[in-house]
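So the structure is just underneath, and the comments pick up after that.
The values are calculated or read from the model by the stated rules, or taken from the named source; none is laboratory data. None of the values given here were measured: they were computed from a predicted structure. For neighbour counting, all protein chains shown are included, and Cβ atoms are generated from backbone atoms with ideal geometry for every residue, glycine included.
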Amino acid sequence: MTIKEKILAEFKINRELSVKELVAKLSASKQMIHIVLKKLLERKVIEKLGRTPKTVYRLIEHKAEGIKPSTIPDISKKKQDFLKESFIVITELGDFLEGVKAFDYWCKKRELPTLKTLDEFIKTKKKYAVYYDENGMINGTQKMLKTYNEQTFLDEVYYLDFYAIERFGKTRLGTLLHYAKQGQNLFLMKIMMNEIRDKILKFIKENKIDAIGFVPPTIRREIQIMKYIQENLNVALPIVDIKKISGIIPIPQKSLSKLSERIKNAENTFAVTDQRKFDKVLLIDDAIGSGSTLNQIAAKLKNKHITKKVFGLAIVGSYKGFDVIRDI
């Protein structure tokens, strides 16, 4: 038997194997194993799971349902472009799909007719389009004022997209943020950053922002998405010093359902320790749920006379009623 035949025989017995296991079972060199695995990957006989050094290979027995080139015959170029800009799917196997392929997969998983559902998706997106301004941003200032009344400390608040829309769930940006954050996935963070960087920089320039504050994370992760945004935004402005001061057990905002609990949590979770003075400060967060985190930090900035005007900006948020986002 050739080394390839031996490897395939092992996969038929075990289905999932690492390079280390194959070396031990076949007494072959690691280099030779890698060469054969590369060829099997190219032929789509096996698939690679995980990231180095925690990588395993799996024999492909059946393709995941719906993950195949779209066979939609009569979709227009305009609709294809629309889907490419607005629809992605992260499958249960971790595959990244976008555009027509993603939408076809999403419909097949739900046993929905693709073309008819696409027309409904376009109609739904048009319904939400009225909330975007000329810069493609959502202004949540009035909704914030209705929520907090005289206790509103943010002068203006915006976000780049909705987190989710009715029936179709997470938006493209909502999906990127969710899986990038939860999976600490640099590949998705990079895609997301490429889509939001120019909008944020334009906002900073047009509003003459002279300092930025990044909301620090509550939960510890190896790769913090807010830190990644800060480093890759790479803007030459002072960074306001905001610290996390939670108790023994950190309580993320998403775990609290009542507005009063969120306000209290934000008040006691973050501290502004900066002593400098600025004209306009921009606070950036990954998502707006109730808005209490940004609003309470804005209150601390104003109470310390660090600035008179505070803008809030989130990557995604919920517009209607500032519905609580629970799963980011």
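The conditions of being buried (at least 16 other Cβ atoms within 10 Å of the Cβ) and outside any helix (DSSP H, G or I) are not met by Leu118. Go through (1) assigned to a helix (DSSP H, G or I); (2) at pLDDT 90 or above; (3) touching a helix residue (DSSP H, G or I) at 6+ places or on another chain (Cβ under 9 Å) and name the single condition Lys302 misses. Answer for Lys302: the failing condition is (3). For Asp119, the conditions (1) modelled with pLDDT of 95 or more; (2) under 16 Å from Ile191 (Cβ atoms); (3) of a type outside the set (Val, Ile, Thr) all hold with the exception of (2).
Restricting the stretch 1-11 to residues that are loosely packed, with under 15 Cβ neighbours inside 10 Å and not charged (D, E, K, R) leaves a set whose member that is modelled with the lowest pLDDT is Met1. A residue that is part of a strand (DSSP E or B), at pLDDT 60 or above and over 20 Å from the mean Cα position of the chain (by Cα) occurs somewhere in the stretch 282-291. Pairs meeting the criteria (first residue in the stretch 204-222 and under 15 Å from Asp241 (Cβ atoms) and of a type outside the set (Gly, Ala, Ser), second residue modelled with pLDDT under 95 and assigned to a loop (DSSP other than H, G, I, E, B), beta carbons under 9 Å, at least 6 apart or on different chains) are Ile212/Val235; Pro216/Gln224.
For the stretch 12-29, filtered to residues that are in contact (Cβ under 8 Å) with a residue 40 or more places away in the chain and closer than 20 Å to Thr52 by Cβ, the residue that is surrounded by the fewest Cβ atoms within 10 Å (Cβ to Cβ) is Glu16. In this entry, Ile75 is excluded by the filter for residues that are at pLDDT below 90, touching an Asp or Glu at 6+ places or on another chain (Cβ under 9 Å) and assigned to a loop (DSSP other than H, G, I, E, B).
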